[in-house]
Amino acid sequence: MSEPLPLRKAIERIHSGTMRVPGFQRRFIWEPTSAALLMDSIYKGFPFGSVLLWRTRTALKTEKELGGFELRPPEKDYPVDYVLDGQQRLTSIFSTFQTELTPIEENPEVWLPVYYDFEAEGDAQGTRFVALQESEIANAPDRYFPLNCFFDPVAFSSATKPLSVDRNVEIVKVQERFKEALIPVETFESEDRTSVAIVFERVNRMGVELTMFELLTAWTWSEDFDLQEKFLALAETFENFGFGSIGTDNDLMLRCCSAILQGDPAPESLVNINGTNVRASFEVVEKALGLAIDFVRTNLGIRHLKFMPYSAQLIPLAAFFSVRQSQPITNGERTVLLRWFWRSSFGHRYSGNPGRNIKRDVEAALELRNGTSTTLEDVAVDVNERFFTENQFNSRTVATKTMILLLASLKPKSFLSGQGVELDKVLAEPNRHEYHHCFPRSHLRKLPNPPTEKVTNCLANFAIISRAENRKISDRAPSVYRVDMPANIEAIKSGALLPDSLFRDDFSTFLEERTVLLVQAAKTLCGT
């Protein structure tokens, strides 16, 4: 145990740049109320935990801000102390008392000034320390005293002048408590970066448990490799292809990385790999993800991650493309992958607790790519009429996304012009503007015995129809808006699986006949 650190000294060392936050640390996550409670614990002399510092001779290339403050460069090359444990407490202490630096961004959800409340209950359970916005103290300036002047004699003297004698005496005693408070410190000296990551991981596991992403960021970190930065770089790379959000979905990225590097989608499996090997193999991860995205764009027309029925479907695909990356996919492999995709989509394979199924599919995808016997397409699925009649259109659901992709696979034509639909536009950003009722809802509502909203909004009554065309169709019956369509509509009908009953205004028969056509198309895609 090193010598305990007075609060003033800790603030000075952070100001001078000799106490810093390493790049592999988690971000500052405490709410302002937590900082206020810490002040209460310090004031009452309650234990508030020690701080673990890593002392090194050279500053790191990758660092984090301390809370919302960008720290100054170290005034000296040695020593530099990096916070391995206690970042939330040190950040709260520094943010509460420092007066020299301005936060990078003012955000009341992240940080608020802490005040001493003269009128609050001062017992063991209650606290006199509160985090408030300036507007909240405007009507009671004598009630709240700012803690940020405690270590600035001039500011403290100025702030105490308006106070009564009693409150002046009271706040001086409070100030003395903080001036005398000590932070317990342990210092770990080492130039071995691997040992530092291990210490960081173990210490944090014994306290507030790290997320797997935070753990692996520390586990794989080096001065030239930051997992968080790598993921963000991938997000920028894939943004142009509509898949930028994959790089900001840490859980999905970790599962893809695990499947690619370990053949196991559980992120925990990455801990069994030496961090050096993860860094050395990350190029394989980048390429496998790129090939997986290219596959769904080329073969399924998907232009946005949100159009994937399950984002987790990228995991087996990424595993598949992690092997023999220089060799193109064969037609046989493509057929198996597509059948698996459609069966897993229509069968809701990854709903609920999908861990076991994802792992099985990763293993089977690797078997397929390695040329051994595979069970990837052996996914049980029973596509029947209920899928299209009982599921309502909602662009966020698996069933609706699957329906949209099915319709897109038919190379649909514009309802009114007969021109080919621009699928790049339709499948680029999920919304309801390009999908509308074949039987307009407002028309069905005017019938003597209108169907229920559930029936009206079922998948079987939807097609790819642009917002502009839907406005022209308005509330007209199909037989009426038929006059605005080309004379020959066979291509339009086949591209949207429209039975003739649509234009006889027979809604009940239309649903039955179109559902049959949709089921047949789905079974063809699934290979059943």
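Numbers at a glance
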quantity: Members of segment 382-412 found to be in a loop (DSSP other than H, G, I, E, B), buried (at least 20 other Cβ atoms within 10 Å of the Cβ) and more than 30 Å from the chain's Cα centre (by Cα), listed by number; calculated: 383, 412
quantity: Verdict on residue 474 being exposed (fewer than 15 other Cβ atoms within 10 Å of the Cβ), small (Gly, Ala, Ser) and in the same structural domain as residue 413 (by TED's automatic domain parsing); calculated: yes
quantity: Residue check for residue 93: at pLDDT below 80 and of a type in the set (Val, Ile, Thr); calculated: no
quantity: Count of residues meeting criterion [under 41 Å from the mean Cα position of the chain (by Cα) and either modelled with pLDDT of 95 or more or in a helix (DSSP H, G or I) (or both)] in segment 155-181; calculated: 1
quantity: Residues of segment 311-339 classified as surrounded by fewer than 20 Cβ atoms within 10 Å (Cβ to Cβ), within 21 Å of residue 400 (Cα to Cα) and at pLDDT 95 or above, total; calculated: 2
quantity: Candidate set: segment 347-381, residues that are aliphatic (A, V, I, L, M) and over 15 Å from residue 319 (Cβ atoms); chosen: the one surrounded by the fewest Cβ atoms within 10 Å (Cβ to Cβ); calculated: 380
quantity: Which numbered condition residue 514 fails, given (1) surrounded by fewer than 20 Cβ atoms within 10 Å (Cβ to Cβ); (2) more than 16 Å from residue 419 (Cβ to Cβ); (3) touching a residue at least 12 places away in the same chain (Cβ under 8 Å); (4) of a type in the set (Lys, Arg); calculated: (1)
quantity: Residues of segment 135-154 satisfying the condition of being part of a helix (DSSP H, G or I) and over 15 Å from residue 114 (Cβ atoms); calculated: 135, 153, 154
quantity: All positions within segment 139-158 that are among the hydroxyl-bearing types (Ser, Thr, Tyr) and either farther than 21 Å from residue 127 by Cβ or free of Cβ contacts under 8 Å to residues at least 12 places away in the same chain (or both); calculated: 157, 158
quantity: Candidates 373, 344 - the one that is in contact with a helix residue (DSSP H, G or I) (Cβ under 8 Å, 6 or more places away or on another chain), among the polar types (S, T, N, Q), free of Cβ contacts under 8 Å to residues at least 40 places away in the same chain and in a helix (DSSP H, G or I); calculated: 344
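This table checks each residue for (1) within 24 Å of residue 22 (Cβ to Cβ); (2) modelled with pLDDT under 80; (3) surrounded by 14 or more Cβ atoms within 10 Å (Cβ to Cβ).
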{"position": "213", "(1), (2), (3)": "yes, yes, yes"}
{"position": "233", "(1), (2), (3)": "yes, no, no"}
{"position": "236", "(1), (2), (3)": "yes, no, no"}
{"position": "247", "(1), (2), (3)": "yes, yes, yes"}
{"position": "266", "(1), (2), (3)": "no, no, yes"}
{"position": "277", "(1), (2), (3)": "yes, yes, no"}
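The values are calculated or read from the model by the stated rules, or taken from the named source; none is laboratory data. Everything quoted here is computed from the prediction, not taken from an experiment. Cβ atoms come from the backbone with ideal geometry, glycine included; neighbour counts cover every protein chain shown.
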